[in-house]
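Note sheet for the following structure.
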Amino acid sequence: MTTVQINGQARSVSASEDTPLLWVLRDELGMTGTKFGCGMALCGACTVHVDGAAVRSCVTPAAAVAGRAVNTIEQMQHDRVGRVVQQAWVELNVAQCGYCQAGQIMTAVALLKRTPKPSERQIDDAMNGNICRCGTYPRIRAAIQLSARRLAGEKA
Amino acid sequence: MIAVATPIGRRGFLQLAAGGLTLAVGLDSRGQAEGPRKFGADAMPGGTVDDPLVFVAIAADGTVTIVAHRAEMGTGVRTSLPMIVADEMEARWDRVRIVQAGAEEARYGNQNVDGSRSVRHFLVPMRHVGAAARQMLEAAAAARWAVPVAEVQAVQHEVLHKPSGRRLGYGELAAQAMKQPVPQGEDLRLKTPAQWRYIGKGRIGAFDLPEIGRGQASFGIDARLPGMVYAVVARPPVVGGKLRRLDSTAALKLPGVLKVVEIPAYAGAPAFQPLGGVAVVANNTWAAMQGRTALVIEWDDGANAGYDSVAYRRTLEAAVKAPAAAVRDDGDAVQVLARAPDERRFAAEYYVPHLAHAPMETPVATARVTESGCEIWTSVQNPPAAQAGAAAALGLKPEQVTVHVLLLGGGFGRKSKPDYVTEAALVAKAMPGTPVKLVWTRDDDIRHGYFHTVSLDRLEAALRPDGLPEAWLHRTAAPTIASLFSLGAKVSAPFETGMSALNMPFAVPNVRVERAEAEAHARIGWFRSVANIPHVFATQCFIDELAQRAKQDPLRYALDLIGPPRKIDPGTLADAFNYGESPERYPIDTGRMRAVLEAAARGAGWGRKLPKGRGLGLAFAYSFVSYAATVVEVEVGAEGKLKVLAVDMAIDCGPQINPERIRAQMEGGAIMGLSLALASEITFERGRVVQSNFHDYEVLRMSQAPRVIRTHLIGGDPTLPPGGVGEPPVPPVAPALANAIFAATGERIRSLPIRRH
């Protein structure tokens with residue numbers, strides 16, 4: 001039995017210690033906002049925050065996050081940056097199928113918390129691990145830039 | 001959460017089946033072998049239904065519930081079709097709720113989300129639904145007030161009595177409206193396009209966006225049921241292979257593993273049947289994966305064990321060098337080519353490899369089998385096909401199988417083949433009463449898919465002194481999708497040659513199109529834009545090469561080749577397919593073709609002087625009865641480093657119902673087109689797919705995506721019949737990129753993906 005701090009709550013987890021956090025979230029805890037895409041940290045659909053950093057939950061054993069603060073997409077509407085990013089995503093109609101977007105948003109929020117005014121290059125570097133097969137990259141980029149302007153207090 | 005629409009006629013809503021009014025204008029006429037050929041939606045299973053009692057319910061509080069009867073895979077149909085209804089019925093969008101229909105084609109009309117047909121086939125029926133509902137509300141209000149119906153008007157969720165200024169809300173009128181006769185035929189009063197509030201405006205965001213952003217939208221993989229267990233499947237590594245020996249002892253000893261279930265290999269043609277194999281059922285997905293790894297299996301590889309992509313390419317290259325049977329032969333292309341002097345004769349060959357769809361949500365289905373039948377929760381493009389497949393495998397009648405449709409995490413053609421739903425049903429049958437969620441891993445998706453074909457297209461032309469072709473010969477060789485349903489099918493089917501091989505509307509007097517034989521050794525399936533991918537790549541690169549030979553500007557040359565504006569019956573091009581549409585309603589209009597090409601060129605600043613190492617390339621295509629053109633701008637650095645700087649995408653799809661989503665499809669089409677042009681390739685060795693995940697099956701990522709994608713919506717005539725939107729943006733992208741690289745470097749790309757060059 002492992003105890004994991006998820007979205008501010010201590011959750012005890014019965015899955016084996018090697019079980020990736022992704023499957024603990026989805027199968028055991030019923031938190032399906034975090035998505036399965038590749039199982040090898042190649043696509044970013046499963047991105048969560050561990051102590052504020054973007055982490056691929058599909059290759060992160062549950063035991064490795066014991067005692068650390070895990071935040072998922074379900075928490076982002078209660079997060080200052082998360083709310084701004086979600087709003088920008090809706091306004092710019094970013095999503096097509098929408099499946100990868102939870103992971104995209106989690107990576108974008110982690111980027112903006114670390115780098116409030118990211119350059120084009122910094123956006124590329126941060127987002128390159130998140131695949132969108134529908135091809136929404138131009139709008140993802142625009143939504144990150146809109147969020148950055150708003151978080152900086154600029155009118156946008 | 002996605003709301004599921006069975007049954008809709010619950011308390012508080014209008015009684016949908018009231019009075020047995022099931023009017024079904026345009027219902028399919030399958031079984032009518034005699035009589036004139038059917039086109040469009042009339043030729044599709046289920047046809048169309050435009051009964052407001054089927055699609056619309058109004059609650060006493062005024063909430064308007066509209067059924068989305070087609071699955072959402074990212075194109076926006078779950079928003080766009082209900083939006084058409086809401087517009088015609090004068091419903092306020094913020095009072096509209098959308099519920100998703102399950103598989104029930106007889107009730108709703110065709111549900112196969114495929115072939116860029118949703119708006120094309122349901123614009124008119126959905127307008128009828130909305131207009132009829134509006135008129136029924138108006139009639140109810142007129143009756144309530146005892147005034148002539150001509151004195152009342154529905155305006156944004158209220159009916160207004162103009163002379164007195166009285167008003168009644170839709171909720172207050174709901175019950176009475178339902179008792180009104182359903183207007184049909186000449187009694188239906190459609191809005192004029194000028195009266196549309198939502199259609200064509202592009203102001204309504206996709207319905208599911210807020211939930212998607214919060215992680216609360218329900219995709220197929222998100223289905224959760226009490227007592228649910230999880231399964232993954234070990235499949236034969238070679239298509240047509242069978243299980244020879246299985247030892248599941250070690251797997252069954254692992255914690256969490258519950259059961260091992262054999263899935264029989266398919267018989268006959270693959271169609272949508274499971275490949276067969278061994279399922280491991282466990283109490284979570286991870287344990288099922290570990291169990292699968294622990295299986296000890298020997299496979300009998302079967303007849304496709306020798307499939308090797310390097311050798312197969314040589315086979316295709318040989319096939320297109322020998323004459324083959326013609327499917328179009330205007331004039332005498334063979335003789336003209338034979339007589340042409342060498343300096344005016346030119347040939348080139350183009351290769352496109354297999355591709356995997358790789359939707360971000362892998363195939364997944366949840367099934368529960370009980371004594372009374374089977375219930376399924378899944379993400380499929382064609383729910384009735386999933387229903388039929390599961391029913392056949394379980395020995396049930398289709399009506400004993402309920403299919404709940406959740407959001408698709410991408411489809412691109414993969415999820416119109418519901419083999420994975422049948423797998424889930426078969427595993428669930430082995431665990432009666434227990435819901436089983438069967439998940440494909442990414443490896444499964446890349447290795448065991450229905451692949452886009454592999455192709456060699458040979459083009460040959462004889463040029464006149466003015467540089468334009470006097471003769472055009474196109475010989476195509478590619479395993480056919482028909483092999484999926486008919487073992488041994490070896491030549492392209494009419495619907496494949498009808499995608500930009502046969503139906504080239506050019507001003508060329510001698511045209512011959514031939515199909516060479518090509519055996520299939522994998523499951524060949526349709527992938528977004530299908531045979532247009534190889535045919536448009538080959539023909540549009542070839543046209544650019546001809547322009548170079550003729551020493552002419554590629555834009556000028558392309559416009560001359562298209563010729564003056566005219567409407568061409570595709571039948572005169574030997575194409576009886578025309579995407580299933582009537583040649584009278586949907587002729588090929590070369591004026592529209594010219595206009596999209598000119599728009600893309602204008603958008604890109606065609607003809608401007610470019611710095612060294614930069615180039616512009618263009619391509620155009622008629623596909624899914626729409627017109628599309630692309631111009632790509634590239635920069636090639638000193639070490640050959642390629643950067644796509646900008647893409648201009650133009651489309652004329654007739655009426656533009658949801659322009660915002662059309663632009664989204666064009667942006668996405670540009671990215672998917674660049675993916676397949678630059679990076680993606682599936683290869684086989686010893687009958688096995690070599691690639692397994694996104695490290696070796698590459699798709700475009702953020703840093704490779706062009707910073708600039710400009711979209712140009714051309715035409716938009718609301719009186720024209722609508723064209724497709726989802727697929728047409730893809731085909732011109734790869735050839736436009738290859739032509740841009742030539743313009744920048746002088747190097748010709750005749751083989752994809754470009755990263756191999």
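The values are calculated or read from the model by the stated rules, or taken from the named source; none is laboratory data. Not measured: the values here are computed from a predicted model. Glycine also receives a Cβ, built like all others from the backbone with ideal geometry; neighbour counts cover every protein chain displayed.
Given the structure, is B:Arg710 surrounded by fewer than 24 Cβ atoms within 10 Å (Cβ to Cβ), within 11 Å of chain A (Cβ to nearest Cβ) and not in a helix (DSSP H, G or I)? Yes, satisfied. Answer with yes or no whether B:Lys179 is in contact (Cβ under 8 Å) with a residue 60 or more places away in the chain, of a type in the set (Lys, Arg) and within 17 Å of B:Asp87 (Cα to Cα). No. Taking residues in region B:658-670 that are more than 8 Å from chain A (Cβ to nearest Cβ), and partners anywhere that are surrounded by fewer than 24 Cβ atoms within 10 Å (Cβ to Cβ) and at pLDDT below 95, the pairs with Cβ atoms closer than 6 Å and at least 6 places apart or on different chains are B:Pro659/B:Gly202. Scanning region B:297-321 for residues that are out of contact with any Leu (no Cβ under 8 Å at 6 or more places or on another chain) and within 11 Å of B:Thr476 (Cα to Cα) yields one hit, B:Lys321. Can you pull out every residue in region B:51-89 that is in a loop (DSSP other than H, G, I, E, B) and within 27 Å of the chain's Cα centre (by Cα)? Within region B:51-89, B:Asp51, B:His69, B:Arg70, B:Ala71, B:Glu72, B:Met73, B:Gly74, B:Thr75, B:Gly76 meet the criteria. Among the candidates B:Gln216, B:Gln180, the residue that is under 30 Å from A:Gly30 (Cα atoms), of a type outside the set (A, V, I, L, M) and either crowded, with 17+ Cβ neighbours inside 10 Å or out of contact with any Phe, Trp or Tyr (no Cβ under 9 Å at 6 or more places or on another chain) (or both) is uniquely B:Gln216.
For region B:315-335, the count of residues that are at pLDDT 95 or above, within 22 Å of A:Gly39 (Cβ to Cβ), part of a strand (DSSP E or B) and of a type in the set (A, V, I, L, M, F, W, C) is zero. Considering every residue within region B:121-140, establish whether at least one is farther than 17 Å from B:Val85 by Cα, over 25 Å from the mean Cα position of the chain (by Cα) and surrounded by 20 or more Cβ atoms within 10 Å (Cβ to Cβ). Looking through region B:121-140, at least one residue is farther than 17 Å from B:Val85 by Cα, over 25 Å from the mean Cα position of the chain (by Cα) and surrounded by 20 or more Cβ atoms within 10 Å (Cβ to Cβ). Being part of a strand (DSSP E or B) and among the small types (Gly, Ala, Ser) is the filter here, so list the residues in region B:589-624 that pass it. Scanning region B:589-624 gives B:Gly615, B:Gly617, B:Ala619, B:Ala621, B:Ser623.
Looking at this structure, is A:Leu92 surrounded by fewer than 24 Cβ atoms within 10 Å (Cβ to Cβ), under 20 Å from B:Ala358 (Cα atoms) and either in contact with a strand residue (DSSP E or B) (Cβ under 6 Å, 6 or more places away or on another chain) or in contact (Cβ under 8 Å) with a residue 24 or more places away in the chain (or both)?
For A:Leu92, the condition - surrounded by fewer than 24 Cβ atoms within 10 Å (Cβ to Cβ), under 20 Å from B:Ala358 (Cα atoms) and either in contact with a strand residue (DSSP E or B) (Cβ under 6 Å, 6 or more places away or on another chain) or in contact (Cβ under 8 Å) with a residue 24 or more places away in the chain (or both) - is not met.
Annotation for region A:46-60: at least one member residue is of a type outside the set (A, V, I, L, M) and closer than 18 Å to A:Cys134 by Cβ.
Scan region B:182-192 and tell me whether some residue there is within 14 Å of chain A (Cβ to nearest Cβ) and either on the phi > 0 side of the Ramachandran plot or not in a loop (DSSP other than H, G, I, E, B) (or both). No: zero hits. Comparison of B:Glu633, B:Glu660 shows that the only residue that is surrounded by 24 or more Cβ atoms within 10 Å (Cβ to Cβ) and assigned by TED's automatic domain parsing to the domain that holds B:Gly591 is B:Glu633.
Considering region A:20-53 alone, what residues qualify as being more than 10 Å from chain B (Cβ to nearest Cβ), buried (at least 22 other Cβ atoms within 10 Å of the Cβ) and not in a loop (DSSP other than H, G, I, E, B)? Passing the criteria: A:Leu21, A:Leu25, A:Thr47, A:Val48, A:His49. From A:Gln104, A:Gln77, which residue is more than 7 Å from chain B (Cβ to nearest Cβ), in a helix (DSSP H, G or I) and under 17 Å from the mean Cα position of the chain (by Cα)? Only one candidate passes the filter, namely A:Gln104.
Put simply, of B:Val530, B:Val511 the only residue that is closer than 20 Å to B:Pro564 by Cβ, of a type in the set (A, V, I, L, M), touching a helix residue (DSSP H, G or I) at 6+ places or on another chain (Cβ under 8 Å) and in contact (Cβ under 8 Å) with a residue 60 or more places away in the chain is B:Val511.
Among all residues of region A:56-71, there is none that is buried (at least 23 other Cβ atoms within 10 Å of the Cβ) and facing chain B (nearest Cβ under 9 Å).
Restricting region A:124-135 to residues that are crowded, with 22+ Cβ neighbours inside 10 Å and not basic (Lys, Arg), which is nearest to the other protein chains (Cβ to nearest Cβ)? Give the derivation first.
Looking only at region A:124-135, we keep the residues that are crowded, with 22+ Cβ neighbours inside 10 Å, and these are A:127, A:130-135.
After this cut, where a residue has to be not basic (Lys, Arg) as well, the list is A:127, A:130-132, A:134-135.
On the way: A:Met127: 4, A:Asn130: 7, A:Ile131: 6, A:Cys132: 7, A:Cys134: 5, A:Gly135: 3 Å.
Ranking the qualifying residues of region A:124-135, first place goes to A:Gly135.
Within region B:64-99, restricting attention to residues that are basic (Lys, Arg) and crowded, with 24+ Cβ neighbours inside 10 Å, the residue that is farthest from the other protein chains (Cβ to nearest Cβ) is B:Arg70.
For region B:219-260, the candidate set comprises residues that are in a helix (DSSP H, G or I) and crowded, with 19+ Cβ neighbours inside 10 Å; within that set, the residue that is nearest to the chain's Cα centre (by Cα) is B:Gly220. Quick one: in region B:395-417, of everything that is in a strand (DSSP E or B) and not polar (S, T, N, Q), which residue is farthest from the other protein chains (Cβ to nearest Cβ)? The residue in question is B:Val401. Scanning region B:208-231 for residues that are within 11 Å of chain A (Cβ to nearest Cβ) and in contact with a helix residue (DSSP H, G or I) (Cβ under 6 Å, 6 or more places away or on another chain) yields B:Leu209, B:Pro210, B:Ile212, B:Gly213, B:Arg214, B:Gly215, B:Ala217, B:Tyr230.
Just to check your reading of the model, which residue among A:Leu151, A:Leu146, A:Leu112 is more than 13 Å from chain B (Cβ to nearest Cβ), under 16 Å from the mean Cα position of the chain (by Cα) and touching a residue at least 12 places away in the same chain (Cβ under 8 Å)?
From the options A:Leu151, A:Leu146, A:Leu112, the qualifying one is A:Leu112.
Checking each residue of region B:680-689 against the condition of being out of contact with any Leu (no Cβ under 6 Å at 6 or more places or on another chain), within 11 Å of chain A (Cβ to nearest Cβ) and touching a residue at least 24 places away in the same chain (Cβ under 8 Å) gives no match.
When A:Ala126, A:Ala110, A:Ala142 are checked against the criterion of being in contact with a strand residue (DSSP E or B) (Cβ under 9 Å, 6 or more places away or on another chain) and either over 23 Å from A:Leu25 (Cα atoms) or at pLDDT below 95 (or both), a single residue qualifies: A:Ala126.
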